[in-house]
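Input: a single structure, listed below in structure tokens.
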Amino acid sequence: MRSHEPLRVPSPVPVLCLMVLATLLGGCGGYVLKGRAVVGAYNTIEIVDKDDPRLSDRGTPGVRIEAVRDPQSLGRKIVASANSGGDGTIRLAIGEFGAGFLDEEWELKAAMGGANYTANLFRLPFDPDSVRLLVVVQPGTGRADGSLQTEAERELGNFDIRLPKDSAIYR
């Protein structure tokens, strides 16, 4: 006769480790740039040290920040956006895979009241808590939203041809 051994249940530790790793690497809004929109003498968007003194300048509400992935290609897309709060605080959550991990350029843009104020290209830092996003706007100096890129995207949308989003033209 054969003896029956009790059924052994595998440990849940490896499964939990894989879930934590996937969350850390993959997104779910896990990559968050914190910062501040302030009033200043010039328009700029920068990634600065956490102790940059300009972060304590007078904050301004209503500044819209957008993160654009693949900004130099036709496949560029806005992947995250946020508005500055009443005291100018910004919390930009980027849920895209590879944010801060992959070596790629991202465009961060700032607009307020329908006018574009500033944009800049960045390689996002691996640790977003080690830096802050600083947006400086000089009220009344924004450019009306009518850039060549916007016009090109509008024209592309007017064609009767429907291209799949994974087409090379969007990359």
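Overview of values
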quantity: Extension reserve of the A144-S81 stretch, reckoned as 0.36 nm per residue once the Cα distance is removed; calculated: 20.8 nm
quantity: Theoretical FRET efficiency, 1/(1+(r/R0)^6), r = Cβ-Cβ of L102 and T44, R0 25 Å, to 0.05; calculated: 0.50
quantity: Reference-scaled alpha-carbon Rg (2.2 N^0.38 Å with N residues) for the stretch 73-144; calculated: 1.19
quantity: Ascending count of other beta-carbon atoms within 10 Å, so fewest first, for F122, F97; calculated: F97, F122
quantity: Exposure proxy order (Cβ contacts within 10 Å, fewest to most) of R64, R123, R76; calculated: R123, R76, R64
quantity: Residue exposure sequence - V135, V32, V39 - by fewest surrounding Cβ within 10 Å; calculated: V39, V32, V135
quantity: FRET efficiency, 1/(1 + (r/R0)^6) with R0 30 Å, evaluated for L74 and K34 via beta carbons; calculated: 0.45
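Where a number appears in this text, it was derived from the coordinates with a stated rule and is not lab data. Predicted, not measured: the structure shown is a model, and the values here were computed from it. Please note: Cβ atoms are built from the backbone with ideal geometry, for glycine as well, and neighbour counts cover all protein chains shown.
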